[in-house]
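Down below is the structure, laid out as structure tokens.
The values are calculated or read from the model by the stated rules, or taken from the named source; none is laboratory data. Because the structure is a prediction, the values reported are computed rather than measured. Please note: Cβ atoms are built from the backbone with ideal geometry, for glycine as well, and neighbour counts cover all protein chains shown.
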Amino acid sequence: MRAVDDFLPLAPTAVATETAYRPRPNAWQRLKENKLALVGLFIIICMLLLAIVGPWLSPYTYADQNLAQANQGPSSEHWFGTDTLGRDLYVRVVYGARISLAVGFVAAAINLVIGVIYGSVAGFFGGKVDRLMMGFVDILYGIPLLLYVILLMVVLSPGLTSIFIALGIAYWLTMARIVRSQIVTLKNEEYVLAARSMGVPAWRILFRHMLPNCVGPIIITMTLAIPEAIFTEAFLSFIGLGVNAPMASWGVLAAEGINSMRSYPFQLIAPALAIGITMLGFTFFGDGLRNALDPKGEVKR
Amino acid sequence: MNIWETENLTKHFTVRRGLLKQHQQVVHALNGVSLHQGVGETLGLVGESGCGKSTFGRTLMGLYPKTAGRVLVAGREITGPADTDHVLSHIQMVFQDPYASLNPRMTVRQSLLEPLTVRATTGTSLSETAKQAKVDDILEQVGLSKAQGERYPHEFSGGQRQRIGIGRALISSPQCIICDEPISALDVSIQVQIVSLLERLQAEQGISYVFISHDLNMVRYVSQRIAVMYLGGVVEEGPTQAVYETPLHPYTQALIKLNAPLAPHMTIGPVLTGEVPSPLADLWGCPFASRCPEKIAQCEEAKPPLVVRGEQKVACWRR
């Protein structure tokens with residue numbers, strides 16, 4: 001009996017059985033189920049809040065010096081201790097968060113806007129357009145970031161603006177390459193051909209059919225690019241091309257902390273922990289976001 | 001009245017080879033194919049892999065720009081991309097691989113809704129509720145529930161996905177659906193399901209199918225007329241029964257004798273030895289000459305035209 005039933009084509013019973021249906025969780029609901037992603041989001045929000053209101057919670061400012069209290073360990077008076085000039089480290093770390101996070105978010109925005117659009121246009125049109133556009137990227141790739149920054153310093157003064165411009169030139173290149181290669185692969189997918197066979201216009205194929213299928217690599221590249229940008233800013237500040245003293249970013253603080261690592265390790269630990277925790281937050285959140293946006297992601301039943 | 005008609009439809013692909021892409025070669029994918037299809041008719045298109053069956057379907061739809069020849073759809077000559085909308089509102093396509101032909105990030109409803117949203121002729125004039133109602137209607141026609149419409153393709157089996165693919169073609173209310181090997185990626189039991197769905201739709205709505213396949217038995221079962229293709233050209237065409245009972249071309253004879261689905265690089269029976277010529281080569285004579293058991297000198301010299309023999313048409317000097 002059973003074998004016969006299996007071969008009945010399109011039996012009405014087989015059609016009508018699908019009654020139990022639970023509304024599908026949307027991306028936000030799936031994100032909420034991912035504890036690690038929520039932790040990441042919480043960390044990012046905490047860091048942002050600290051960057052905004054943190055300095056007000058302390059009576060000191062980032063530039064106040066008190067040589068009598070130099071190199072003090074953490075206490076109720078100075079939460080993270082003080083540095084060699086007697087400046088309060090807590091205020092400097094939360095103030096540094098403003099600069100470092102700004103750099104991170106600007107890098108992310110550049111990646112998303114310039115990198116994704118440039119890469120997808122190059123990949124989508126292919127041929128000569130692709131070769132020209134990617135050739136330009138290769139040329140930019142070949143020039144070290146340091147060179148841009150030093151040249152920019154000649155024109156502009158060292159500071160956040162020049163760091164943003166340098167990031168603007170250099171930080172979308174990897175994203176453009178990754179998106180381009182994804183689009184080139186997706187172009188040969190049958191569902192793209194199917195979309196064409198239904199008369200979907202080119203721009204809509206790109207934005208509705210191809211880019212959503214690149215979300216995974218885009219988010220991964222971005223979660224890697226944000227910490228990279230923060231480290232780059234730290235490096236540029238470290239060699240004196242970044243923000244000016246007495247302003248401080250996490251990179252500057254870490255660089256100063258290294259000088260007295262043996263005698264006063266807390267001066268390094270505070271900014272290093274801030275960088276580390278933020279990176280962790282971005283990674284967790286990015287990973288969760290990627291899973292939440294993927295309809296194939298596991299759904300907890 | 002023909003839904004579509006092609007006259008000497010030719011498609012060449014250019015490939016560049018070598019380190020500096022200095023060698024240009026031409027792949028003769030279609031060499032002057034002249035076919036037509038009537039309303040409510042199923043035209044079977046058979047041939048080995050690489051003989052140009054799929055290329056014909058795609059060139060007919062305008063997915064590949066044609067190299068030469070004429071295409072008429074519903075009495076209108078198709079000249080360029082400006083006519084795309086006209087073609088697509090008459091002809092739609094069902095793809096071979098149901099796993100690859102649906103966008104994994106769009107729900108079934110979104111996939112089905114898209115043709116209504118993007119094309120002026122099909123449905124931009126419809127209100128949102130009318131569009132949704134049409135999607136529900138199509139889901140029901142292909143045997144899926146409304147609730148299943150909210151799901152993503154990966155939650156369906158191969159057969160269900162192919163039904164979604166058929167629904168997506170159906171929603172533009174085409175007169176003709178090109179089925180590009182719609183069942184070759186499916187299990188045999190599911191193949192029957194899909195074919196009976198296609199037959200039911202044909203009976204209800206009078207849709208014509210171009211049924212591209214390398215499974216001769218399935219083609220025999222579904223189609224009223226058959227065209228056998230070999231290396232980018234039609235070698236024999238005629239009513240299914242006539243072609244199966246009195247095959248004229250030696251290639252058709254061998255295929256029917258073989259009586260099995262074709263696979264790439266298989267030897268077709270004891271009669272057909274020899275190599276299939278490369279579609280890159282410029283051929284003077286009959287494309288089948290290298291494998292033909294009845295070859296004569298003339299076959300090497302000139303390409304035989306497709307001539308009428310009774311109900312059938314055949315391209316062979318000996319017939």
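Side notes on the structure shown:
- Inspection of segment A:94-113 identifies at least one residue that is aliphatic (A, V, I, L, M), over 26 Å from A:I219 (Cα atoms), under 20 Å from the mean Cα position of the chain (by Cα) and in a helix (DSSP H, G or I).
- Qualifying position, being outside any loop (DSSP other than H, G, I, E, B), more than 14 Å from chain B (Cβ to nearest Cβ) and surrounded by fewer than 18 Cβ atoms within 10 Å (Cβ to Cβ), among A:L273, A:L289, A:L253: A:L273
- Per the listing A:L57, A:L36, A:L41, the residue uniquely surrounded by fewer than 16 Cβ atoms within 10 Å (Cβ to Cβ), away from chain B (no Cβ under 14 Å), within 29 Å of B:R151 (Cβ to Cβ) and at pLDDT 70 or above is A:L36.
- Assessment of segment A:179-198 against the conditions (over 23 Å from A:G216 (Cβ atoms), in contact with a Pro (Cβ under 7 Å, 6 or more places away or on another chain) and within 14 Å of another protein chain (Cβ to nearest Cβ)) yields at least one matching residue.
- Considering B:K66, B:K134, the condition of being modelled with pLDDT of 85 or more, in a loop (DSSP other than H, G, I, E, B), more than 10 Å from chain A (Cβ to nearest Cβ) and crowded, with 17+ Cβ neighbours inside 10 Å is satisfied by B:K66 alone.
- One residue stands out among those in segment A:95-123 that are among the β-branched types (V, I, T) and touching a Ser or Thr at 6+ places or on another chain (Cβ under 8 Å): the one that is surrounded by the fewest Cβ atoms within 10 Å (Cβ to Cβ), which is A:I99.
- Taken over segment A:182-225, the criterion of being without any contact (Cβ under 8 Å) to a residue 60 or more places away in the chain and of a type in the set (G, A, S) is satisfied by A:A194, A:A195, A:S197, A:G199.
- Segment B:93-104: number of residues that are at the interface with another protein chain (Cβ under 7 Å from one of its Cβ atoms) and over 15 Å from A:N188 (Cα atoms): 1
- The conditions of being surrounded by fewer than 20 Cβ atoms within 10 Å (Cβ to Cβ) and out of contact with any Phe, Trp or Tyr (no Cβ under 8 Å at 6 or more places or on another chain) are not met by A:N213.
- On the stretch given as segment B:150-193, residues that are under 13 Å from B:L102 (Cβ atoms), more than 10 Å from every other protein chain (Cβ to nearest Cβ), buried (at least 22 other Cβ atoms within 10 Å of the Cβ) and not β-branched (V, I, T) total 3.
Let's see how each residue does on (1) in contact with a Leu (Cβ under 6 Å, 6 or more places away or on another chain); (2) modelled with pLDDT of 85 or more:
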position	(1), (2)
A:L49	no, yes
A:Q72	no, no
A:E77	no, no
A:G86	yes, no
A:V91	no, no
A:V94	yes, yes
A:V116	no, yes
A:G123	no, yes
